[in-house]
1. Can you find a residue in the stretch B:158-166 that is crowded, with 24+ Cβ neighbours inside 10 Å and either under 24 Å from B:E12 (Cα atoms) or in contact with a Gly (Cβ under 6 Å, 6 or more places away or on another chain) (or both)?
2. Please go through the stretch B:108-127 and give me each residue that is over 22 Å from B:R84 (Cβ atoms) and within 14 Å of the chain's Cα centre (by Cα), ordered by number.
3. Scan the stretch A:18-35 residue by residue and report those that are free of Cβ contacts under 8 Å to residues at least 60 places away in the same chain and either under 14 Å from A:R138 (Cα atoms) or assigned by TED's automatic domain parsing to the domain that holds A:I143 (or both).
4. Just name the residue that is nearest to the chain's Cα centre (by Cα) out of those in the stretch B:282-293 that are of a type in the set (A, V, I, L, M) and at the interface with another protein chain (Cβ under 7 Å from one of its Cβ atoms).
5. Kindly indicate whether A:R297 is within 12 Å of chain B (Cβ to nearest Cβ) and basic (K, R).
6. Go through (1) over 28 Å from A:A224 (Cβ atoms); (2) outside any loop (DSSP other than H, G, I, E, B); (3) of a type outside the set (K, R) one by one and return the number of the condition B:A223 breaks.
7. Looking at A:G321, A:G314 in this structure, which one is open to solvent by 30 Å² or more (accessible area, probe 1.4 Å), among the small types (G, A, S), within 7 Å of chain B (Cβ to nearest Cβ) and in contact with a helix residue (DSSP H, G or I) (Cβ under 8 Å, 6 or more places away or on another chain)?
8. Just one of the numbered conditions (1) modelled with pLDDT under 85; (2) surrounded by 21 or more Cβ atoms within 10 Å (Cβ to Cβ) is not true of A:S128; which one?
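The values are calculated or read from the model by the stated rules, or taken from the named source; none is laboratory data. Note that the structure is predicted; figures quoted are calculated from it, not measured. Note that each Cβ is placed from the backbone with ideal geometry, even for glycine, and that neighbours are counted across all protein chains shown. When the accessible area is computed, the model is the full protein with side chains, heavy atoms only, and any ligands, DNA or RNA have been set aside. Shrake-Rupley method; radii C 1.70, N 1.55, O 1.52, S 1.80 Å.
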2 protein chains.
Amino acid sequence: MNEAAAHPAPLEARAAAIAAGDRRALARAITLVESTRPDHRAEAEALIERVLPHAGNSIRIGLSGVPGVGKSTFIEAFGLMLIRQGHRVAVLAVDPSSRRTGGSILGDKTRMTELARAEAAFIRPSPSGGTLGGVARRTRESIVLCEAAGFDVILVETVGVGQSETAVADMVDLFCLLLLPSAGDELQGIKKGIVELAELLLVNKADGELEAKARVAVGDYRAALRLLRPLSPLWQPEVLAVSAVTGQGLDAAWAAIERHEAAFEAAGEKARRRAAQAQAALWADLGDGMIEALRRRPAIAGRIPEIEAAVAAGTMTAMAGARRLLALFLGE
Amino acid sequence: MNEAAAHPAPLEARAAAIAAGDRRALARAITLVESTRPDHRAEAEALIERVLPHAGNSIRIGLSGVPGVGKSTFIEAFGLMLIRQGHRVAVLAVDPSSRRTGGSILGDKTRMTELARAEAAFIRPSPSGGTLGGVARRTRESIVLCEAAGFDVILVETVGVGQSETAVADMVDLFCLLLLPSAGDELQGIKKGIVELAELLLVNKADGELEAKARVAVGDYRAALRLLRPLSPLWQPEVLAVSAVTGQGLDAAWAAIERHEAAFEAAGEKARRRAAQAQAALWADLGDGMIEALRRRPAIAGRIPEIEAAVAAGTMTAMAGARRLLALFLGE
């Protein structure tokens, strides 16, 4: 926030710097977007409005997987491969549990040292604190800023806390799940519904003595996926073995992403999916904003605990509780 | 609505009639709950408040499956078996696409002729029209009314339109999925995430020449489920073969439900799950109520189409659109 306040350059100049691909200007704009100060918020919106015409031209890829699956190593290897092919890669994170002072795996850029140094890459940790809704909101705006700065591959990473995978799937063109080479193992710890969000599943660590195990896992996942209806009739989810360490399969993974992109673009489905995501976000943001406004009224905030407790205990129905709070808010 | 208006008996008498198990009084109370007239709403809440102390004592079971899976036949056979064991069974439906005049499979009680005539059963079609949120809200209140009337098994059925399974899973103790004996068949048409909501999967039509196929499907589903993390550490989802026609497996299905109930009760998890569901419903209902209030303001309603279109087209971010509508609502 101080960073943003310390650079009161005119909006036009800052928008131009972003559009020119200036990574410092981009970083400052994201800091502005992440600020909760009302004046920063207004400034952020004015800035986004200016760069919006430059945004949208990217592949947005969601990426998830349990801790230990090798996400950082994968992003480092995959990102460097894409850069060598001439792409510009931005890596964002959605992790509502993270704090700026630690926690978020992207906070520790030392795990992606080479990618972090690359001119064609931009890595940004998860916004700190706040609800999942708030983190997701700010990440959606950061995506727009990265696109405006010319990054054509946006990787949005999540560590799989609660509903964060759903939030990420709702802001990307394709959701990709990294898996351990041990299908069927309870230790995978994949949360309900997550497998079904994925249109690309990558069994990582297909190297050394785990390679054979990874091949078996690929077969198991393919069989399991045949029991689930695909998200889109345009695309049957693919399962591939990769190794972030040897680099094997990374090119095949990118080829699958490009096939997905081509199929969805050709059918007009990419634009449709993005439009539907944006509209859903509008109503979710509005609902969140209204509930925040309600909580800010001291007379109402004081009544919430008793009403919540009565509803939880079953001595008041949810609908009656909601009507009571709404009546207080509307001053009825 | 006319039915409700035509019986202006004092609230106390109507509450007592419901608590005594009077099915006509119950039906009238549900009609009141489903009414959108503000005076009916206030009356419904007063009535529910009175019967609430009698509610809660039931097993709430969600039931879904694609058209053609034999849901009506299953409910008829399963319900009659439970009645013979001394239970009282209420069947409700959540189907936002249904109209009172047709469509809903429960609207056509002729498909459950024997159960519909049984004194110990109560069958109610889906509330007509409205959003999924509205239908779910009214069904949650109808569950309370049925429990107050002494029904100890509540079956909440859905035909699987859009997000209705999630809505049903969020109002029951156990979600049960009926499947065709053809695992892996695309024609199953099961929507994303639905399999993972289910803690009991029943492969129906395990009779005649389909019996062998059903056994294979049971094995396939068991294998697939091992790749997914269970909803609760207390319960590994079970897959069973049943036949609504011969009645085979219905007792095993009920035994599984009772095991689930016992495990969750013993761990205090049934009450915890219901409390969490009620609290989530409170905030969802409040969010819906606030957005309805916003839509009712003519000056705002007129601005919604242009803002929605701009957000969908990507010329305005969702957050900016939401803030604009919120500012109009709060008069800022």
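1. No - not one qualifying residue is present in the stretch B:158-166.
2. B:P125, B:S126, B:P127 - these are the residues of the stretch B:108-127 that are over 22 Å from B:R84 (Cβ atoms) and within 14 Å of the chain's Cα centre (by Cα).
3. Listed by number, the residues that qualify are A:R28, A:T31, A:L32, A:S35.
4. B:L282
5. So A:R297 fits the description; yes.
6. (1)
7. Being open to solvent by 30 Å² or more (accessible area, probe 1.4 Å), among the small types (G, A, S), within 7 Å of chain B (Cβ to nearest Cβ) and in contact with a helix residue (DSSP H, G or I) (Cβ under 8 Å, 6 or more places away or on another chain) holds for just one of A:G321, A:G314, which is A:G314.
8. (2)
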